[in-house]
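The values are calculated or read from the model by the stated rules, or taken from the named source; none is laboratory data. Since we're looking at a predicted model, the values are computed, not measured. Reconstructed Cβ throughout: ideal geometry from the backbone, glycine too, with neighbour counts over all protein chains shown. Quick note on the areas: whole protein, heavy atoms, side chains included, nothing else; ligands and nucleic acids left out. Shrake-Rupley method; radii C 1.70, N 1.55, O 1.52, S 1.80 Å.
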Amino acid sequence: MGLGAIDLNLLVALEALLEEKNVTHAGVRLSFSQSAMSGSLARLRRHFNDELLVRVGREYELTPLAERLLPVVQASLYKAQEALSLTRHFDPEHSRQRFSVVMSDYVMTVFVEPLLRVIAEEAPGVRIDFHPIVDGQLETETHLRCHDLMLVPLGYQLPGVSETVMHDRFVCLVDPGNPRLVDGRLGLRDLAEMPHAACAIGKSLTPADRQLETLGIVPRVQVSTPGFSVLPFLVSGTDLVALVPERLARRYESFARCAVVPTPFPDVSLVEAMYWHSNRHADPAHRWLRETVRRVGASLEEPSAQGITVADASHGEHAFPELTAAS
């Protein structure tokens, strides 16, 4: 049966009946008379060939079919409301828009908290579903079509549109008791000889790994993880060293019991950017999301951000030199 043969307003009545489990209460909720609500229930019973609500004592219970219908009807009505709310104007204060954002564990650690504070204040009804980066996600445009934004290091040759969000620099993490730590520093020889805990995201080297390669150092990787967040805990109490973004290191240094040490080479920048598919570029809700992410990134770049040296934005395209797109 096609949708044209069905009164879709019955879905609203169906949701109310299944949630309230009571004809009278459902009628009050929708401002329907009891007779009108009873008529809707009768039509729904004929359509589904099922009682939907059955009396048990003084109460009503859902039939097995009704139990299965309830989450489907709720999701369908939510999507319908979402579709009908897409207009040329976006009102964040009253919107119930739902966004999907992909980001690394590093960005989740340092960026999500201030982002959610802004959203809670300006758009309390907006929902954001955060997703981790998975293997192969940075090599195709498929995920750009499926998600509203991807926050990843600048330099991946993702199609679509990109904009720099924030900068960071790499530091070394070691256990405070590591004997190689002299006057709070490590040398290049130390990095060449120490066992490493490394982050492996996709097939690319991190900017810090690329710098080691330029210096002729092949790190002796003893353990690798798909993200940065676990590295401080691997370093603590071991002889391992890890090269991680400073913002993340500062958040973990106290309770992970590790020392944040400058790299024994000039600062290596990590430039995080937001990527989005061009078909979302003009959408008012998406423009608001990008502007919000942009503002949060700018707030993290302020001088009050602890210990962070802001990189020159003009060099952002070299965050991953081996992946820089040809001009």
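Does ASP91 meet the test of being modelled with pLDDT of 85 or more and touching a Ser or Thr at 6+ places or on another chain (Cβ under 7 Å)? Working first, answer last.
Numbers: modelled with pLDDT of 85 or more: yes; touching a Ser or Thr at 6+ places or on another chain (Cβ under 7 Å): no.
Here the answer is no, as ASP91 does not meet what is asked.
Among the residues of the stretch 268-309, what is the count of those that are modelled with pLDDT of 90 or more and assigned to a loop (DSSP other than H, G, I, E, B)?
0
Could you go through the stretch 166-177 and let me know if any residue there is under 16 Å from VAL260 (Cβ atoms) and without any contact (Cβ under 8 Å) to a residue 40 or more places away in the chain. Full working, then the answer.
The initial filter retains those residues of the stretch 166-177 that are under 16 Å from VAL260 (Cβ atoms), namely 168-177.
Adding the requirement that they be without any contact (Cβ under 8 Å) to a residue 40 or more places away in the chain leaves 177.
Within the stretch 166-177 (the criterion being under 16 Å from VAL260 (Cβ atoms) and without any contact (Cβ under 8 Å) to a residue 40 or more places away in the chain), the answer is yes, since at least one residue qualifies.
Could you please give the count of residues in the stretch 227-247 that are under 16 Å from ALA200 (Cα atoms) and out of contact with any strand residue (DSSP E or B) (no Cβ under 8 Å at 6 or more places or on another chain)?
2
Anything in the stretch 97-121 that is surrounded by 19 or more Cβ atoms within 10 Å (Cβ to Cβ) and of a type in the set (Gly, Ala, Ser)? List them, or say none.
Residue satisfying the conditions is SER104 alone.
If a residue must be open to solvent by 60 Å² or more (accessible area, probe 1.4 Å), part of a loop (DSSP other than H, G, I, E, B) and either among the aromatic types (Phe, Trp, Tyr) or modelled with pLDDT of 90 or more (or both), how many such residues does the stretch 209-256 contain?
Total meeting the criteria: 7.
Table: residues versus (1) at positive phi; (2) crowded, with 18+ Cβ neighbours inside 10 Å; (3) touching a residue at least 40 places away in the same chain (Cβ under 8 Å).
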{"residue": "LEU18", "(1), (2), (3)": "no, yes, yes"}
{"residue": "VAL28", "(1), (2), (3)": "no, no, no"}
{"residue": "GLN34", "(1), (2), (3)": "no, no, no"}
{"residue": "ALA42", "(1), (2), (3)": "no, no, no"}
{"residue": "VAL54", "(1), (2), (3)": "no, no, no"}
{"residue": "HIS89", "(1), (2), (3)": "no, no, yes"}
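Specify which of the listed residues (ASP129, ASP168) is of a type in the set (D, E, K, R), crowded, with 18+ Cβ neighbours inside 10 Å and either modelled with pLDDT under 90 or not in a helix (DSSP H, G or I) (or both).
Working: ASP129 fails: crowded, with 18+ Cβ neighbours inside 10 Å.
Answer to the selection: ASP168.
For the subset of the stretch 171-196 comprising residues that are over 19 Å from LEU234 (Cβ atoms) and hydrophobic (A, V, I, L, M, F, W, C), which member is most open to solvent (accessible area, probe 1.4 Å)?
Just the residues of the stretch 171-196 that are over 19 Å from LEU234 (Cβ atoms), to begin with: 182-185, 187-189, 192.
If we keep only those that are hydrophobic (A, V, I, L, M, F, W, C) as well, we get 182, 188, 192.
On the way: VAL182: 88, LEU188: 70, ALA192: 45 Å².
So, considering only residues that are over 19 Å from LEU234 (Cβ atoms) and hydrophobic (A, V, I, L, M, F, W, C), the one most open to solvent (accessible area, probe 1.4 Å) is VAL182.
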